[in-house]
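Trainee: This is the structure I want to talk about, given as structure tokens.
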Amino acid sequence: MLLYDKWSFSLGETFQYYLSNQNTFDATQLDTPSFTYRYYNYLDTQLAPSVTLTIGRFETGVIGSFGFRLYSHRRNDLGILMRQITVLLLCFGLGSPLAFALESISGPTVSQSEGALYEIGVFGGGAYLPDYPAANQSHLKGLMMPYIIYRGSILRADREGARARLARTRLFDVEISFSGAFRTNSANNEARRGMPDLDYMGEIGPRLSFRLSNLGGYGRLNLFVPARIVVSTNFENIRHRGYTLAPALYARLWDFLRPGWFGIAQITATFTDRQNAAYFYDVAPEFALPDRPYYVARAGYMGSDFLAGLLIPIGSRWRLFVGGQFLDHDGSANSASPLFKQRINGAAILGLSYMFIQSKQSALER
């Protein structure tokens, strides 16, 4: 029987982000204008994974090398800014199932621990999501990007979302929180055929965070009450899309099912003003059809959802997240809209993260 002393694994990873004016590229092309305002940005990733096995005084190993560049084209400076802001909102907003996976997958897995002051890693995940609230079609949405977790006394980005803590009392915190949602291509949705696309959305606003219970030392129970302004962007302009109020009951359990595993659940009810509801459910006269009549949306209750997931650590650096979401739009103020197609929706979530760097300093606050 062959015995080994130890083995080690390394990714050998490097990440570089480049932002370049097109003139850099045009300088080598004879048939292009001498000056443009376009930008070509790209993320360069190089990996050299290796596995080393030590047997006594001998070592043997396997190493590979590969890389890729992810290019993106920006039309102007505003487009660059909007894309960066939207990605941040999508990644740290506690409103998207995929963002929920990212927030859950990053952070400590030790019971009752707030973890290191900061962590840096990479996250990849996918979610099968409804195209919009009460849609009868769903599509796969994906996200892969570096993440940063910071647990300061004022600025924090962790399992409870990205926020700036403005005030803290014995029972609750006053924070600024964020949320976001992916875009929907109307050409891929039968109910919205011929209508404008639903752009990427971002939300920002104050949030009251009430600490309700520590669940007998087995976790934490919070009540979040966020009120946010909503904007949409196609990376060329920003449009105001109203306001939302989305109180949520949030629970997390340490050592759930098995030691080291982490259970997370959230129940949310969403209310919107007329402008926000109109973005999803209005049918303007120019888009009316025999099976899609003219409709003016109303303010009020949009729906509720239950989001649950399980975080499974794999070694000290890898973390796997699996979860699901159940959405119920029964009683919605806009159930009469021709775009309101399905009362019950569902979503499936899968995410995987790898932590590169972890601060030796613990979080400033437990």
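The values are calculated or read from the model by the stated rules, or taken from the named source; none is laboratory data. The model shown is predicted, which means the values in this text are computed figures rather than measured ones. Cβ coordinates were reconstructed from backbone atoms using ideal geometry, including for glycine residues, and neighbour counts include every protein chain displayed.
Trainee: From the residues in the range 292-326 that are of a type in the set (Phe, Trp, Tyr) and out of contact with any helix residue (DSSP H, G or I) (no Cβ under 6 Å at 6 or more places or on another chain), which one is farthest from Gln275 (Cα to Cα)?
Mentor: Trp318
Trainee: Pull up the range 142-176, narrow it to residues that are modelled with pLDDT under 80 and of a type in the set (Gly, Ala, Ser), then point me to the one that is surrounded by the fewest Cβ atoms within 10 Å (Cβ to Cβ).
Mentor: The residue in question is Ala167.
Trainee: Out of (1) buried (at least 17 other Cβ atoms within 10 Å of the Cβ); (2) aliphatic (A, V, I, L, M); (3) within 16 Å of the chain's Cα centre (by Cα); (4) at pLDDT below 85, the odd one out for Val122 is which?
Mentor: Looking at each condition in turn, Val122 falls short on (4).
Trainee: Among the residues of the range 274-294, write down those that are surrounded by 19 or more Cβ atoms within 10 Å (Cβ to Cβ) and outside any helix (DSSP H, G or I). Write out each step before concluding.
Mentor: Just the residues of the range 274-294 that are surrounded by 19 or more Cβ atoms within 10 Å (Cβ to Cβ), to begin with: 276-281, 283.
Hit for the range 274-294 is Val283, nothing else.
Trainee: Considering only the range 191-216, state which residues are exposed (fewer than 14 other Cβ atoms within 10 Å of the Cβ) and more than 25 Å from Glu175 (Cα to Cα).
Mentor: Arg193, Gly194, Pro196, Gly216, listed by residue number.
Trainee: Residues Tyr301, Tyr294, Tyr281: which one is without any contact (Cβ under 8 Å) to a residue 12 or more places away in the chain and in contact with a strand residue (DSSP E or B) (Cβ under 7 Å, 6 or more places away or on another chain)?
Mentor: On the way: Tyr301 fails: without any contact (Cβ under 8 Å) to a residue 12 or more places away in the chain; Tyr281 fails: without any contact (Cβ under 8 Å) to a residue 12 or more places away in the chain.
Going through Tyr301, Tyr294, Tyr281 in turn, the sole match is Tyr294.
Trainee: Would a scan of the range 338-345 turn up a residue that is modelled with pLDDT of 95 or more, polar (S, T, N, Q) and part of a loop (DSSP other than H, G, I, E, B)?
Mentor: Checked the range 338-345: at least one residue is modelled with pLDDT of 95 or more, polar (S, T, N, Q) and part of a loop (DSSP other than H, G, I, E, B).
Trainee: Now a separate question. Take the residues of the range 197-219 that are of a type in the set (D, E, K, R) and assigned to a loop (DSSP other than H, G, I, E, B): which is farthest from the chain's Cα centre (by Cα)?
Mentor: Top of the filtered list is Asp197.
Trainee: State the number of residues belonging to the range 312-361 that are within 28 Å of Leu257 (Cα to Cα), aromatic (Phe, Trp, Tyr) and buried (at least 20 other Cβ atoms within 10 Å of the Cβ).
Mentor: Selection size over the range 312-361: 1.
Trainee: Please go through the range 221-238 and give me each residue that is surrounded by fewer than 16 Cβ atoms within 10 Å (Cβ to Cβ) and at pLDDT 90 or above, ordered by number.
Mentor: Leu223, Val225, Ile229
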